[in-house]
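Worksheet: the structure to be examined is printed underneath.
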Amino acid sequence: MTKPPMTPGEYADAVRAALADLPPDDREELLDDLDDHLAEIASESGMPLEERLGPPESYAAELRAAYGGRPTTTRPRRGGPWAWATGLIRAAHGRLLGLPAYREVVAFWPELRPAWWLVRGYVVALALLGMIGRGGPIPGDLAGWVLVVVLACGSVWLGRRPRLRERRWRRTLLTGADALAALLLLVLLTSWDRPDAQEVTFASPQMGRVWVDNAAGLGDEVYNILPYAADGTPLHDVRLYDQDGRPIIVNPEMFGQSVIVPCEGEPPIRNAYPLPLSSFGAGEWPRPKPGGPGCVPTGPTPSASPSAAPSVTPSAADASATPSPSAEPGPSESGSAEPGPSESGSSGTPKS
Amino acid sequence: MDSSQLLKGVLDLAVLAVLAERDGYGYDVVRRLREAGLEDIGDASVYGTLRRLFKAGALTSYVVASDEGPHRKYYGLNDVGRARLASSASTWTSFAATMNDLLKDAAP
């Protein structure tokens, strides 16, 4: 049984049927002017369309391949937000290509890649150094620099091997690593913005941790200051500022000490010296006890109030000993330590 | 070597190059590509490529009514299409130069 040659309309319908699995919008987009196109071909030559173009099914397969860039007839559908997002980015990229400035950027972008490889290695090295407690935007010692150089070289080595990206899982892994490095870089840059900020911990869970912006420190060795007048009288509540007017803050928390916070009234001012401190034991970080008091009752223990803090003074009472009272506070203050403050305080890590 | 395999990779570039010369409708593009020497080119491949480039925003299109035959949908390059043509062309040029270098001694 022989069929009469197909008309352009019939041929187009057969192609449509063969592409029935495409989403309707996609299919109409693709086949928008197929009828006119086929009519054009039919009118140019007397040959039947099937002879000229092959069966509609193979025409449809070729169309699908050219339109979607995929040779398979059963197109694996990767729906979901990820496909949607990449589609959106591609569309935006296509639109932006209309802008000359954007085209310029796209043109020189590949030349920036080696710079990114270096930065990537550097950032990962800093992150590793930060994890072992040696943070900072610049490695502090030779070992740190060696790590930086090794990782930077490794990163460039990776970057110079485009074949590594041929496998899908490797590409995904490397893209993820790149995104992580970019995120780390962002964190690093934003933490550079506030180099003077210091984290200040009060021995009270209510107070939590407080960031004191623009504070001056006294290095790593001083955690309290005991001011004396010329005649040897201990002074209380002395506010200290540096030459720029920034409050001078110390970190007693680094030395197993915490600032005592009275239950009533204001929390102690962090640059009013001497600080009322209580030790919570060397190497032990205070943990907030559920239900426990987060502060020190001011009534019974006079040492808890800021003004009564210098219980350390007796041993330092002779004026000649004033420069070195820092040796004393440990034992003498342990007497004034209450269980309250030692079991309270922040749960954070000390920050230098 | 089957040249249709090679053609797949550069079909976009070929279609863009033809349209850069002057605007054309689907069958016209097919004919011009064949006249240029790409005789194996498939009609559906060209049509699908035109629709894809149009969807990607690289082409403009307008319909011209015709007296004797069906309406013709003409395609032309816009800025995006010209940018894509320029970047694809430079990619192709360097690729072709590399291949020519490779084959310099091998070719008879």
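Observations on the model:
- Working from label points 7 Å from Cα in the Cα-to-Cβ sense, the A:Ala143 to A:Leu112 distance is 3.6 nm.
- For the peptide B:79-88, the mean number of other protein chain Cβ atoms found within 10 angstrom of a residue's Cβ is 4.
- Placing a label point 7 Å from the Cα of A:Arg171 along the Cα-to-Cβ direction, the residues of the stretch A:87-112 with a backbone N closer than 17 Å are A:87-91.
- Scanning chain B for trypsin sites (Lys or Arg not before Pro) that sit in a DSSP loop and have at most 14 other Cβ atoms within 10 Å, the longest stretch containing none of them is B:23-103.
- Average partner coverage of A:26-39, which counts Cβ from other chains inside 10 Å: 5
- Exercise: per-residue mean of other protein chain Cβ atoms within 10 Å, A:91-101: 4
- A:Ala83/A:Leu240 FRET efficiency (R0 41 Å; Cβ-Cβ; nearest 0.05): 0.10
- Spacing of the modelled spin labels on B:Asn78 and B:Glu21, each 7 Å from Cα toward Cβ, amounts to 2.5 nm.
- Relative packing of A:120-128, A:27-35, which averages over residues the other C-beta atoms within 10 Å, highest first: A:120-128, A:27-35
- In this simple spin-label model, placing a label point 7 Å from the Cα along the Cα-to-Cβ direction at both B:Ala89 and A:Ser191 gives a separation of 5.0 nm.
Bear in mind that the values in this text are calculations on the coordinates, not laboratory data. Keep in mind that this is a model prediction, so the values were computed, not measured. Cβ sites come from the backbone with ideal geometry, for glycine too, and all protein chains shown count toward neighbours.
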